[in-house]
Amino acid sequence: VQLVESGGQLVQAGDSLRLSCVASGRTFGNCAVGWFRQAPGKEREFVAAINWSGHTTYYSDSVKGRFTLSRDITKNAVDLQMNSLKPEDTAMYYCAADLAAPPPSRSDLYAYWGQGIQVTVSS
């Protein structure tokens, strides 16, 4: 599975942004998908995840209520809608996928990773 993230850019605090993770090589339909982020000098942290069916989503406390995950079957993609962005959301965002059902926040258990995309939120 090859994953490619898109949609990252420089925005202002309070703005919205939509990241997309498109899969090639196989359908996303059988994969759990997670989004993680890493800010300079910090460890990679869990942001959100969606199970293979798309019926269950998980969010970190820091983004709950502001970020929303969804599947787009037609694009073979998983999108992360980010609203009310804050400067502390600034990071490199990574999409990850796995055919199993890893605990959503366990980045070490995802087999496939995208290259990451930068999101910068200015104050």
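Structure summary
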{"read-out": "Residues satisfying the stated conditions in segment 87-123, i.e. surrounded by 15 or more Cβ atoms within 10 Å (Cβ to Cβ), of a type in the set (D, E, K, R) and at pLDDT 95 or above", "value": "ASP89"}
{"read-out": "Unique residue being free of Cβ contacts under 8 Å to residues at least 40 places away in the same chain and within 10 Å of the chain's Cα centre (by Cα) when the list is PHE36, PHE67", "value": "PHE67"}
{"read-out": "Among (1) at pLDDT 95 or above; (2) over 20 Å from THR120 (Cα atoms), the one test that SER62 misses", "value": "(2)"}
{"read-out": "Index of the failed condition, ALA77 passing every other in (1) closer than 12 Å to ALA97 by Cα; (2) open to solvent by 10 Å² or more (accessible area, probe 1.4 Å); (3) small (Gly, Ala, Ser)", "value": "(2)"}
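For (1) within 16 Å of ASP98 (Cβ to Cβ); (2) open to solvent by less than 80 Å² (accessible area, probe 1.4 Å), each residue gets a yes or a no:
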position: GLY7; (1), (2): no, yes
position: LEU10; (1), (2): no, no
position: VAL22; (1), (2): no, yes
position: GLY25; (1), (2): yes, yes
position: CYS31; (1), (2): yes, yes
position: GLY41; (1), (2): no, no
position: ARG44; (1), (2): yes, no
position: SER60; (1), (2): no, yes
position: GLN81; (1), (2): no, yes
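The values are calculated or read from the model by the stated rules, or taken from the named source; none is laboratory data. Being a predicted model, the structure only gives us computed values, none of them experimental. Cβ sites come from the backbone with ideal geometry, for glycine too, and all protein chains shown count toward neighbours. Keep in mind that these areas ignore ligands, DNA and RNA; they rest on the heavy atoms of the full protein, side chains included. Shrake-Rupley method; radii C 1.70, N 1.55, O 1.52, S 1.80 Å.
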